[in-house]
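Q: I'd like to ask you about the structure that follows.
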């Protein structure tokens, strides 16, 4: 299943399969995560959460909890100095005040000597609610004007028409990050009146900003440290336990730890936006795209969080990796009471790429042109303009990734002695070979790299060299993706020293970019490179000075100072003669602008990456059972820093996308989530996983150290449409919504009435007027 | 609220303890009960069956298998003779949960547990299994089907299921299940087919299509009459009709996993295939 | 028999007897290992037996410790990742294969996967990749798509068969 990559503990530098510095500890169970942190004398926190999707809080009586054994502190909204937080828009209450707006919204918190006592106390708090009607349908939200952001994007001539048109409406579900480590963390009193907060973070400085603001503390009194993180995928951005723990710790004077259950982790946090997207492609008869019309509706929760960024991404990436001269695109991010929504791997792009790729195949069928060929004809090239009016001014290997994936050899046909584990449906499945059909699908994708739309993206890093070992201080959050290894490998290549370690991210360092938007390697990487380069200059100048040598004739290689011919002159440690060398450097990504300023010459997105996925499935159509056999993925990665890690990102992201295509749906009825633990929210197991073959297309990114580029989100963007394309090829069904459950693939029409009895929101037929009203008139 | 953990080491004590603590939950393997505790269900006392040697063991005597209620699913799989003979049971055991779960989940817990995964019940129904129950009134042996019909496999306070027994018919068996992913999930629908060649009789049980698992007597009769016993073959028409009639025995409900229509459709397809390929090289262990 | 919500008992973990005092009677083995004994290698992830991050051996068999009532493990041998890993800080052959073949990412699933795989190798020496995938279906990973882990376990199983 692997491409044959193995890690090498002795490898050093960019482009090598260096073994991660933490894999030894992880395989022995010695690596510490937020869930593992424990202080002596610590208290345990518990949270009381709203049982209603929308209600007025009439009264909160904390007294029953306060008098329970082992309880040291009970708090509600009135105890929060500044009761709002949020990354882009600060409209999220730390503790609900007069209203609750989603099931799971925090209302009160308790600190007690033991987690069971804390839970019992939280459950004893009496809250009187007046239940109110909830908005659960995003189209109703649109109608009611509950809109966070409306984006309108016109490009070229919006009235032009193509000889051939194809349209479709596509729906995606609410997906949970489902990282393995539940939400957890600890807050400790720190210094005089300050607080230290340790847990899983993606951006420690932003967490600090929000925590300090909520507590009305100066930021210098708040220290945020990133713990070991058990997976993030975009899901560790919002404040859940952080301010709660800080409040209780400051009040009690003791450390307070929170450890959420899986259900609480699912309810308390945000999820990927459910979406409804209509689009229409116009093309010439020989397959040239002429115009794109699209209407994009992203469901967000009752608080803005990052709503604006998601819909901005959607409207600009709905065009896919294609050059389209004219466009009429509108998008809305709307507020419902179904729970918070926000960033998840492929933020705001997974949904439109699914719609785009599905409809491109629709267009291909209408034209009678093959799907791969149609994509090649229209693939965006360097120098083309995006519909946002941004010029594609960076390497654009769209053809190489498409060709590489499309031309990959197909897997062998299944043998008669196929292992039961590979049967669609698993080991006890009735899917005998005679009922199984194999089919192939293809999808291409593009994603923005780095945060966009005028977000300031930069990192600062410090490298110090002492006694032959270098230490990197960089506040970039390691969340499992392997940044710690990338950082070391970059510093090894630049500095020429192999003994390098990196410190855990904390706010007592200069800020770094958030681990988000595929941006960490290409933002903190250059900062580390520059700092390492500066340290090398310092070292060689010092040595040259000491030994009357011209520093420009010296270099550092594999822990030795060497001359031009490579002859070793001294070890780095000897050469430094006890001196410590240190440099701090900052790297800024280029400036970007919002979507709403098309005449501004700055780009909307820093850069883009491209990929393609050729997916093979075996299906038992009668029962709708699926086994994804193989995915061949080619991805434009700039420059591979670590091939094992890069392969792992492509496989992991693609599998997550496969989960979204086949089985991941956090369902709700009337604002109440139905499947809130892992017995019923399903992610792919080792039985479900296909074979992965990955290919890296390396066209170095200009202006970035070593030409590196981001890569972590794009795999999740290309895989749902690739799986669906294969399922459509197998079944001939339109399959316009995901996940595709067995009964959808088997073509069974469920009776809406029965679904209503089961408490499920059934498809109600044509959507209400508000959605129809936003459609362009027929061209 | 106080609670207690009871760990009797013999059946009589266990029954007495249950009577004294009617709110205590029976814990067999723990895969259902402890999961519910972890979900936040308050504990109201727990009585562990682990110490009861009377509930362990797999025995074969006079053509009948007898499984102690505390037999784990892993024990079922590991027994060198049981799974090959009772191949539907073996296949069901293989498909249940994961290795970790199978090392703890028990036959008795799977029958009485009340959790979603009651994988074994349709298989045991198809084997015409009987259950032994011990309680304050004494002990009794009862057809599993009776127990399901009268109480849905919930026992009266103080009663403990101690063993399951069945004979294994001589003939091919099939167990099929499907679910929302290819492993580690509750079965959406299952179909068990057990054929007794010497008596030319067929037993069919369906899971996931009613409150409890059900037999499909009309389908059984159709199959018994329609199979070509002499030549060990099944006509496509017979298999097709069998599927349709088996589906009629299903009274499924819709839930967020699957609709009633799909469950009924799945029964038809799975039953048809099970019969059609009955005498062919199986998909089996 | 025990009575009252808080109970005390003695369990055998990694070859040593440990007195557990004043634990909740319904406390799980996972909770006791982590909270009372500070053995954090065994991870909490789902609480319903669907992810295997909490896998330990009881009498040599892999079980989900989140579903084990700790008080019922009295008299049995419990082995955690701390007991499985060599005391001198080195790695077993299986662990070495994992760090070599797998892209260990967040690593949260890994201790449970090691315990599950260690038992699998003992029960199925010579297991094929497909056997390994079936055998590890109770261990979920969200980061890596399993590929390197499966290969590592297959290699270790193959070596076990030759031994």
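The values are calculated or read from the model by the stated rules, or taken from the named source; none is laboratory data. The model shown is predicted, which means the values in this text are computed figures rather than measured ones. Cβ atoms come from the backbone with ideal geometry, glycine included; neighbour counts cover every protein chain shown.
Q: Got at least one residue in the range C:113-130 being more than 12 Å from chain B (Cβ to nearest Cβ), in contact with a strand residue (DSSP E or B) (Cβ under 6 Å, 6 or more places away or on another chain), on the phi < 0 side of the Ramachandran plot and part of a loop (DSSP other than H, G, I, E, B)?
A: Checked against the condition, which is being more than 12 Å from chain B (Cβ to nearest Cβ), in contact with a strand residue (DSSP E or B) (Cβ under 6 Å, 6 or more places away or on another chain), on the phi < 0 side of the Ramachandran plot and part of a loop (DSSP other than H, G, I, E, B), the range C:113-130 yields no hits at all.
Yes/no matrix, rows are residues, columns are (1) touching a helix residue (DSSP H, G or I) at 6+ places or on another chain (Cβ under 9 Å); (2) within 14 Å of another protein chain (Cβ to nearest Cβ); (3) not in a loop (DSSP other than H, G, I, E, B):
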residue	(1), (2), (3)
A:11	yes, yes, no
A:14	yes, no, no
A:39	no, yes, no
A:53	no, no, no
A:56	no, no, yes
A:68	yes, yes, no
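Q: Continuing with this model, one more query. Among the residues in the range A:388-405, are any part of a helix (DSSP H, G or I), touching a helix residue (DSSP H, G or I) at 6+ places or on another chain (Cβ under 7 Å) and away from chain B (no Cβ under 14 Å)? I'd like the intermediate steps shown before the answer.
A: Within the range A:388-405, the first condition is being part of a helix (DSSP H, G or I), and the residues that meet it are A:398-405.
Going one step further and asking which of them are touching a helix residue (DSSP H, G or I) at 6+ places or on another chain (Cβ under 7 Å), we end up with A:399, A:402.
Subset that is away from chain B (no Cβ under 14 Å): A:399, A:402.
Yes: the range A:388-405 contains one or more residues that are part of a helix (DSSP H, G or I), touching a helix residue (DSSP H, G or I) at 6+ places or on another chain (Cβ under 7 Å) and away from chain B (no Cβ under 14 Å).
Q: To continue, here is another question. How do the helices (runs of 4 or more DSSP H) wholly within the range B:90-150 filter down when requiring 1 or more residues that are at pLDDT below 95: which remain?
A: Values: elements: B:99-102, B:107-112, B:120-126.
Answer list for the range B:90-150: B:107-112.
Q: Mind listing just one residue for me: the one in the range B:4-20 that is facing chain C (nearest Cβ under 10 Å) and part of a loop (DSSP other than H, G, I, E, B) and, of those, nearest to residue C:23 (Cα to Cα)? Outline the logic, then answer.
A: From the range B:4-20, those facing chain C (nearest Cβ under 10 Å) are B:4-9, B:13, B:17; that's our starting set.
Add one more test, that the residue is part of a loop (DSSP other than H, G, I, E, B), and what stays is B:4, B:7-9.
Values: B:4: 12, B:7: 16, B:8: 20, B:9: 22 Å.
My answer is B:4.
Q: Tell me, please, whether a residue that is facing another protein chain (nearest Cβ under 9 Å), in contact with a helix residue (DSSP H, G or I) (Cβ under 9 Å, 6 or more places away or on another chain) and modelled with pLDDT of 95 or more can be found in the range A:631-638. So that I can check it myself, show each step before the final result.
A: Of the residues in the range A:631-638, the ones facing another protein chain (nearest Cβ under 9 Å) are none.
Within the range A:631-638, none of the residues are facing another protein chain (nearest Cβ under 9 Å), in contact with a helix residue (DSSP H, G or I) (Cβ under 9 Å, 6 or more places away or on another chain) and modelled with pLDDT of 95 or more.
Q: Can you tell me how many residues within the range C:76-112 are at pLDDT below 95 and more than 7 Å from chain A (Cβ to nearest Cβ)?
A: 1
Q: Please count how many residues of the range A:352-384 are out of contact with any helix residue (DSSP H, G or I) (no Cβ under 8 Å at 6 or more places or on another chain), surrounded by fewer than 16 Cβ atoms within 10 Å (Cβ to Cβ) and not in a helix (DSSP H, G or I).
A: 3
Q: If only one of A:294, A:249, A:307 is modelled with pLDDT under 95 and outside the structural domain of residue A:514 (by TED's automatic domain parsing), which one is it?
A: Numbers: A:294 fails: modelled with pLDDT under 95; A:249 fails: modelled with pLDDT under 95.
A:307 is the lone residue from the list that is modelled with pLDDT under 95 and outside the structural domain of residue A:514 (by TED's automatic domain parsing).
Q: I'm told residue B:159 meets every condition in (1) within 14 Å of chain C (Cβ to nearest Cβ); (2) more than 20 Å from residue B:72 (Cβ to Cβ) except one. Can you identify the failing condition by its number?
A: All conditions pass for residue B:159, except number (1).
Q: Quick one: in the range A:689-722, which of the residues that are within 24 Å of residue A:419 (Cβ to Cβ) and surrounded by fewer than 23 Cβ atoms within 10 Å (Cβ to Cβ) is farthest from the other protein chains (Cβ to nearest Cβ)?
A: A:693
Q: Right, here's the next one. Which residues, taken from the range B:271-285, are at pLDDT 95 or above and in contact with a helix residue (DSSP H, G or I) (Cβ under 8 Å, 6 or more places away or on another chain)?
A: Residues satisfying the conditions are B:271, B:272, B:273, B:275, B:276.
Q: Checking residue A:91 against (1) out of contact with any helix residue (DSSP H, G or I) (no Cβ under 8 Å at 6 or more places or on another chain); (2) more than 30 Å from residue C:101 (Cα to Cα); (3) within 14 Å of chain C (Cβ to nearest Cβ), only one condition comes out false. Which one?
A: Condition (3) is where residue A:91 drops out.
Q: Filter the range A:654-676 down to residues that are touching a strand residue (DSSP E or B) at 6+ places or on another chain (Cβ under 9 Å) and crowded, with 21+ Cβ neighbours inside 10 Å, then give me how many there are.
A: 8
Quick grid of which residues meet (1) in a loop (DSSP other than H, G, I, E, B); (2) under 29 Å from the mean Cα position of the chain (by Cα); (3) crowded, with 17+ Cβ neighbours inside 10 Å:
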| residue | (1), (2), (3) |
| --- | --- |
| A:29 | yes, yes, yes |
| A:47 | no, yes, yes |
| A:65 | no, no, yes |
| A:72 | no, no, yes |
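Q: Checking residue A:25 against (1) touching a residue at least 40 places away in the same chain (Cβ under 8 Å); (2) under 34 Å from the mean Cα position of the chain (by Cα), which test does it fail?
A: For residue A:25, the failing item is (1).
Q: Which residue out of C:138, C:49 is touching a helix residue (DSSP H, G or I) at 6+ places or on another chain (Cβ under 9 Å), crowded, with 24+ Cβ neighbours inside 10 Å, closer than 19 Å to residue B:38 by Cβ and assigned by TED's automatic domain parsing to the domain that holds residue C:11? Show your work before the answer.
A: Values: C:138 fails: assigned by TED's automatic domain parsing to the domain that holds residue C:11.
Testing whether each residue is touching a helix residue (DSSP H, G or I) at 6+ places or on another chain (Cβ under 9 Å), crowded, with 24+ Cβ neighbours inside 10 Å, closer than 19 Å to residue B:38 by Cβ and assigned by TED's automatic domain parsing to the domain that holds residue C:11 leaves just C:49.
Q: Residues A:304, A:294: which one is out of contact with any helix residue (DSSP H, G or I) (no Cβ under 8 Å at 6 or more places or on another chain) and outside any helix (DSSP H, G or I)? Outline the logic, then answer.
A: Working: A:294 fails: out of contact with any helix residue (DSSP H, G or I) (no Cβ under 8 Å at 6 or more places or on another chain).
Among A:304, A:294, only A:304 is out of contact with any helix residue (DSSP H, G or I) (no Cβ under 8 Å at 6 or more places or on another chain) and outside any helix (DSSP H, G or I).
Q: I need the strands (runs of 3 or more DSSP E) fully contained in the range A:533-636, keeping only those with at least 2 residues that are under 30 Å from residue A:412 (Cβ atoms) and in the same structural domain as residue A:322 (by TED's automatic domain parsing). Outline the logic, then answer.
A: Working: elements: A:554-557, A:560-563, A:568-571, A:581-588, A:607-620, A:625-636.
Because the criterion is at least 2 residues that are under 30 Å from residue A:412 (Cβ atoms) and in the same structural domain as residue A:322 (by TED's automatic domain parsing), the strands (runs of 3 or more DSSP E) in the range A:533-636 that meet it are A:607-620, A:625-636.
Q: Then there is this: Out of A:679, A:686, I need the residue that is within 14 Å of chain B (Cβ to nearest Cβ), more than 24 Å from residue A:517 (Cα to Cα) and buried (at least 23 other Cβ atoms within 10 Å of the Cβ). Which one?
A: Numbers: A:679 fails: buried (at least 23 other Cβ atoms within 10 Å of the Cβ).
Among A:679, A:686, only A:686 is within 14 Å of chain B (Cβ to nearest Cβ), more than 24 Å from residue A:517 (Cα to Cα) and buried (at least 23 other Cβ atoms within 10 Å of the Cβ).
Q: Something else now. Return the residues of the range B:26-40 that are on the phi > 0 side of the Ramachandran plot and either surrounded by fewer than 20 Cβ atoms within 10 Å (Cβ to Cβ) or out of contact with any helix residue (DSSP H, G or I) (no Cβ under 7 Å at 6 or more places or on another chain) (or both); say none if nothing qualifies. Before you say what the answer is, go through the steps one by one.
A: Within the range B:26-40, the first condition is being on the phi > 0 side of the Ramachandran plot, and the residues that meet it are B:30, B:40.
Selection gives B:40 alone.
Q: Could you tell me whether any residue of the range C:60-71 is more than 10 Å from chain A (Cβ to nearest Cβ), surrounded by fewer than 24 Cβ atoms within 10 Å (Cβ to Cβ), assigned to a loop (DSSP other than H, G, I, E, B) and in contact (Cβ under 8 Å) with a residue 60 or more places away in the chain?
A: yes
Q: Determine which member of the set A:154, A:186 is assigned to a strand (DSSP E or B), over 25 Å from the mean Cα position of the chain (by Cα) and not assigned by TED's automatic domain parsing to the domain that holds residue A:294. Before the answer, list the steps.
A: Values: A:186 fails: over 25 Å from the mean Cα position of the chain (by Cα).
It is A:154.
Q: Okay, moving on. Suppose the filter is at pLDDT below 95 and facing chain A (nearest Cβ under 10 Å); does residue C:5 pass it?
A: Working: at pLDDT below 95: yes; facing chain A (nearest Cβ under 10 Å): yes.
In short, yes.
Q: Right, next: Can you give me the number of residues within the range A:524-548 that are over 16 Å from residue A:204 (Cα atoms), in contact (Cβ under 8 Å) with a residue 40 or more places away in the chain and buried (at least 22 other Cβ atoms within 10 Å of the Cβ)?
A: Residues meeting the conditions: 10.
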